[in-house]
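Presented below is the structure to which this report refers.
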Amino acid sequence: MTGSPPIAAATPPVLPTGQEPPKGRRLLTLLALVAGIAVLLFSLVVLLPGLRSDPYTHATLQLVGDAGNGGRLFRLNCAGCHGLAAQGLVGPNLHGVAHRKNDRQLIQQVVSGRTPPMPRFQPDPQTMADLLAFLHSLP
């Protein structure tokens with residue numbers, strides 16, 4: 001292969017001044033820009049709030065909960081809707097809920113009452129940690 005010319009690397013053609021790139025290239029550039037903006041928005045809306053938490057959630061997650069105390073709290077405040085055994089009545093069955101939602105999500109669900117008819121409920125951080133321990137103990 002001594003007589004073969006060297007293979008040139010593919011380089012994009014240089015366009016004369018004032019001439020636009022082909023439509024396909026403009027479309028790809030636009031799609032890449034839209035995808036970049038979508039990733040940025042996703043990061044701002046979904047990821048960043050999870051990186052910082054409110055002081056209540058942060059304080060709760062620093063504590064070790066007692067499942068026995070959490071069970072008593074549950075029976076007094078939650079069993080009317082979720083059932084004495086957390087099997088679900090008006091509210092959903094909570095068995096395995098700690099596998100479906102992380103602790104931050106569980107805290108937010110309890111304190112926000114985001115899904116009616118669940119009321120807002122914000123116990124002190126230790127009591128919330130106890131409730132989390134109870135929820136983690138449900139099979």
Some residue of the stretch 76-88 being surrounded by 14 or more Cβ atoms within 10 Å (Cβ to Cβ), within 21 Å of the chain's Cα centre (by Cα) and free of Cβ contacts under 8 Å to residues at least 24 places away in the same chain: no
Members of the stretch 47-67 found to be more than 14 Å from Val110 (Cβ to Cβ), in a loop (DSSP other than H, G, I, E, B) and at pLDDT 95 or above, listed by number: Gln62, Leu63, Val64, Asp66
Test result for Gly70, small (Gly, Ala, Ser), assigned to a helix (DSSP H, G or I) and over 22 Å from the mean Cα position of the chain (by Cα): yes
Residue tally, condition part of a helix (DSSP H, G or I) and of a type in the set (Val, Ile, Thr), over the stretch 73-106: 1
Hey, Asp103 modelled with pLDDT of 95 or more and out of contact with any Leu (no Cβ under 9 Å at 6 or more places or on another chain) or not: no
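The values are calculated or read from the model by the stated rules, or taken from the named source; none is laboratory data. Remember, it's a predicted structure, so these values are computed and weren't measured experimentally. Please note: Cβ atoms are built from the backbone with ideal geometry, for glycine as well, and neighbour counts cover all protein chains shown.
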